[in-house]
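Here the structure is laid out as structure tokens; the discussion comes afterwards.
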Amino acid sequence: MKKYAAWVAAAATIVALAGCSGGPGGSGGSGGSGGGGDDSYKMGVVIPSGDHGFTGESVAHAKAEAEQLMKDNPGLDITVKDGIDASAQIASIENLLAGGDLDMIMLWPMEGEALRSTAQNIVDANVKLVVYDRLITDFEGLSGQIMGDNVGIGTMMGDYVTKFYADDDKVNYLRFVGDSSTVTSQRSEGFDDVVDKGKFNQVANTFTTDWSSETAQNQMEDWLNSASPDDIANLDLVVTHDDEITDGVMNALESYSGAGTLNVKLITSVGGRKETLDKFEGTKLDTKLDTYYFSPSFIREALRLSVSQLTGDPYTGAEEKDGIYLIPSFSISNAGDSDEDFDSYRSSDVFKERYSISS
């Protein structure tokens, strides 16, 4: 809770600075040379492409932060490139390296393993490399790694459901994840390490959604159509790793008209999307939401860390643990016992930063 409070205070400073500078982000005291230095640096930012949803918002935040950092640091040149898949990202990196005079690449890999060889090429070219969000495991030579605290999110999620279902002898649940990346494995690790496996019973194989609301909806509908009325009635919990996945699950639950009775009391999630909060406030179901803040604006911290690695200035935007900078999260719920309820979250500075720009 202390980490969360300190981070909220830092976010408030970032929003205030953005308002003063006229820009949407600013270095927020987290990195950058503070402007006015004579040194010049050339940096490439390679990220997934997207024009909507979490990825689309992240792209918008990355471009806005790049503009603000260049404004604050006149000698800094940042080129942002996005790619629809790993091969497109590899091509972007090769083009950046071929251009020469490159000092840094900040990489948000589509797939860590698929980018391993190219990441090695970056390091071999004596170009600094910072990796964001999806790690390249056991990779040496990085200047920095930064991500949301996925294990911590999973742990908090597991602790929450343990308390929420404290009076139940058994809890049947379904699990919906994004993909096979380190993000998924870390969130699952945190959750699985704290829940009582004798009490919490996963009733079907884990659904992999590719972070798609539509895919999650189809998977949930397929399960409801194939499960017995008793199985449906005995489903207590749905565990997801993303708010857009949760939206799809909720669409399926809200449209279900079969013989079973829905008794899902809680859906856990990750994000803090205003659209997801609105959905739970408007639903006729008795299902509550417990989600964990994970914002597209996190990518701003990856750029700030990268610039600090170039300039040598201290970086204070996230806490380093075992060589990885972890951006802290907090719980948002309409079921009580959370760091924030829906209303307090909507009035917070972190909410304002998240929605400070449109994708």
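Filtering 304, 273 for residues that are crowded, with 16+ Cβ neighbours inside 10 Å and not assigned by TED's automatic domain parsing to the domain that holds residue 108 leaves a single hit, 273. Looking across 234, 205, one residue alone is more than 24 Å from residue 338 (Cα to Cα) and within 24 Å of the chain's Cα centre (by Cα). It is 205. For beta carbons closer than 8 Å, sequence separation of 6+ or different chains, a first residue in the range 255-267 that is under 24 Å from residue 291 (Cα atoms) and a second that is of a type in the set (D, E, K, R) and surrounded by fewer than 16 Cβ atoms within 10 Å (Cβ to Cβ), the qualifying pairs are 265/286. Of all the residues in the range 79-92, those that are within 23 Å of the chain's Cα centre (by Cα), among the aliphatic types (A, V, I, L, M) and in a helix (DSSP H, G or I) number 3. Whenever a residue of the range 203-222 is assigned to a loop (DSSP other than H, G, I, E, B), its partners that are of a type in the set (Lys, Arg) and buried (at least 17 other Cβ atoms within 10 Å of the Cβ), lying with C-beta atoms within less than 8 angstrom and at least six residues away or across chains, give the pairs 206/175.
Of the helices (runs of 4 or more DSSP H) entirely within the range 253-359, those holding at least 3 residues that are at pLDDT 95 or above occupy 274-282, 298-311, 342-346. Scanning the range 308-318 finds one or more residues that are buried (at least 23 other Cβ atoms within 10 Å of the Cβ), closer than 20 Å to residue 136 by Cβ and under 15 Å from the mean Cα position of the chain (by Cα).
The values are calculated or read from the model by the stated rules, or taken from the named source; none is laboratory data. This one's a predicted model, so the numbers in the text were calculated from it and none came from an experiment. Don't worry about glycine lacking a Cβ; one is built from the backbone with ideal geometry, like all the others, and counts go over all protein chains shown.
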